[in-house]
Every structure is written in C-alpha cells, then in structure tokens.
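This report concerns only the one structure given below.
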Amino acid sequence: MKKKDVVNLIRFHNEGDETGFNKQAMQIADDFYDSGDVELSRYIYSLLSDASTIVPQEDTTKHIGALQLFKIESEPLYLPQQIKNNLIGIVNAVKRNIGLNTFLFYGHPGTGKTEASFNIARLLKRRLWKVNISQLIDSHLGETSKNINNLFESINSYPFKKTMLVLFDEIDALALRRDDSRDLREMARATTELFKGLDGLDKDVVLIATTNMYKQLDSALVRRFVSKVSFDCYSREELIDIGLKLYRFYLNKIDGISNDERIVYKILNSIEKMPYPGELKNIIKSSLAFSNIDEPHDYLKRLIVELDPECDLSDALNLKEKFDFSTRDIELITGVSKSEVARRIKNG
C-alpha cells in the first residue's frame, strides 16, 4: 500500500466524500489482491460491505445474470507438454497484469479445454463463472443481443472483478451462422454485441472461451482473443500414457479390483483410434465402476468392449493376435481356463 493511498483515505474521510473513500479503499483491496494477500483483500471488501457501501458480500453471490458460479471438482487433468506450456504462459500473462485477459481454447470434443479452464482458475486463485448460453439465446427478435449486452454489463459492474474467471464454453453457439434468413439477421446482431462486449471487457476480468468448431468461427471474433490455444496436439503415445495415468488414479479409488496395468497397456496400445482424454476418462472410470464385485478382472472385458465394440471376446485366436495377449491374459479376461484357451488358439 502506497503512502498516497493512506493520505487519500484520510482526505476523503475528512471531506465526507464517501464515494471517493470507497473507491480508494477498493483500490487498496485490489492492490493487496495483486500482491498475493487474497485474504486481506477480501476482508477489506467485507468491511466495506458491512459499512453499507455499494460493495456486496462476495461469498454469498452465486448468480450474476446469465453467469453461474461453478464449483470446480478435483478431477485429474493430464495434458501434453505443449498445452501445459501454453497454460503456464496464460497464468504468467495474467499475473503480470498488462491487459492480456481474453483467451480462446479450440480443439475436438474431449481434449480438455473446459477442464484446463478450471485449472487456470485454481492457479490464479479465481472463482470460475460459467456463462449459461441457453439463457442468452432468445427466440424473440433482438432479445439475444440485449441479453449479451446485459451479460457484459453485469461482468464489468461486478466489484470483485480481479477474482473472476469467466468461461464462455462453446462460444460457437453464439458466433456461428444460421441457415434461416431471420436467424442470420438476429445472429449478426448478437455477434456484433458479442464483439462490443469483448472489446469493452474490463481488463481485470479473465475470460476464456472454448470451441469445437474453430474453423467455422467468424475471423473477427477470433482476432478479439489475445491468445489462441490448440488442444488438437495429442500424439498416440501421449494418449496411451494418459490412459494409464487415468487407470491408476481411478483404480486406487475402488476396492476389490485387480491391478492389471500390463494388460491394460496391451489393450490401449492395440486400439486403432485412441479416444481423446474426455472420452477415455469416462470409459476407464465406468469400466472399473461397473465391474462385477466378485470378479476382480471383470473390468478388462468392459474396457475392451468399450474401446473396440466389434471385438469378439470368445475368439481366443483373435485376442492373441490383436492384443498380443498370452493364454494367461485371456484366462483372466474371459474366465476360460488356460488349457481351453490354448486349445481354441490351436484350432483357430
């Protein structure tokens, strides 16, 4: 806190200038927040609120118009180093406080765009506010653009902007063109309002937008983001490694399941087209969770069927050739004895 801040506080108090006093006090709270003293910053905000100023209690706010406070779950997120480096760069850019605050994450569904936003919020110690896009889009002509305008006004007038991270998940729902001529006119107005909102966004607010349809976005919209991060950079080896990490994570959360990582690796390594992490996480988690409690290896069958629906588990020779399974592996997976498995392989 600077000496002039103390002098200004006393001056505003002596002059009875409540607005000036509140503004200076909020600036001091912001400075403490920037220096890393988040608790003291929030305490000052609460004192201002208790004094019946215009500042509301932060922790009681759950909705701001079309924004909803999002509870961040503690789920694992494994990313390629290239994406990790980009995310670290974003965190560093925001902390340097030079006005870089709008970011676009693009890539196929399930590549980790939304989850990466959650992690950035954690690293920046910000509360994550998710835009309810369905609440913005209205069937009445002109209402969508009005809703977008109201959204950005709500964001910019929020007194705790330095604690905000706004997530515009699947922003393409607002920015892509429609076939119907009426829709075209309405969406053109909405897109224009979106441009204005992004241009006028307070620099203290961090905004992340995600899209699965990057190539279809209006280029004028794309230019409004200071940084664009591609999530389509997973190699096959990275996906297999992520699959194994997810397997270890969820295996440790479930009792009565056998650790068959060697077999899991063979399964993942043999799948022709590996799914992206979002889908892979659901497949591994459900295979483990839904497995038969009395059969510690049952999840392996489920995992194979989920990743390769056309695989015939009764065809021992195919299992051996496709997955490089041993007769012992096939016994564990299918429950068929090794001798019977060997006989089936021999007979083709």
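The values are calculated or read from the model by the stated rules, or taken from the named source; none is laboratory data. Everything numeric in this text was worked out from a predicted model, so none of it was measured. Cβ sites come from the backbone with ideal geometry, for glycine too, and all protein chains shown count toward neighbours.
What do you reckon, is T61 under 23 Å from the mean Cα position of the chain (by Cα), more than 30 Å from L251 (Cβ to Cβ) and at pLDDT below 80? When the stated conditions are applied, T61 passes them. Of the residues making up region 191-208, at least one is closer than 26 Å to E279 by Cα and at pLDDT 90 or above. Can you give me the number of residues within region 329-346 that are small (G, A, S) and in a loop (DSSP other than H, G, I, E, B)? Residues meeting the conditions: 2. Among residues of region 15-40 that are farther than 24 Å from L123 by Cβ, those with a Cβ under 6 angstrom from a residue that is among the aliphatic types (A, V, I, L, M), sequence gap 6+ or separate chain, pair up as Q24/L9; A25/L48; I28/M1.
Of all the criteria given as (1) more than 24 Å from H108 (Cβ to Cβ); (2) among the charged types (D, E, K, R); (3) surrounded by 14 or more Cβ atoms within 10 Å (Cβ to Cβ), the one not satisfied by D312 is (3). Remark: pairs (first residue in region 234-256, closer than 17 Å to S74 by Cα and outside the structural domain of T111 (by TED's automatic domain parsing); second residue among the acidic types (D, E) and surrounded by fewer than 17 Cβ atoms within 10 Å (Cβ to Cβ); Cβ separation under 7 Å; 6+ apart in sequence or on different chains) = Y247/E261. Among the residues of region 213-232, those that are assigned to a loop (DSSP other than H, G, I, E, B), under 14 Å from A175 (Cα atoms) and in contact with a helix residue (DSSP H, G or I) (Cβ under 7 Å, 6 or more places away or on another chain) comprise M213, L217, D218, R224. When region 315-348 is limited to residues that are within 14 Å of H297 (Cα to Cα) and of a type in the set (D, E), the one that is surrounded by the fewest Cβ atoms within 10 Å (Cβ to Cβ) turns out to be E331. Cβ-Cβ contacts under 7 Å between residues 6 or more apart (or on different chains), taken from a first residue in region 334-348 that is farther than 13 Å from L319 by Cβ to a second residue that is of a type outside the set (S, T, N, Q) and part of a loop (DSSP other than H, G, I, E, B), are absent. Among the residues of region 2-22, those that are of a type outside the set (D, E), under 22 Å from D34 (Cβ atoms) and assigned to a helix (DSSP H, G or I) comprise K3, K4, V6, V7, N8, L9, F12, G20, F21, N22.
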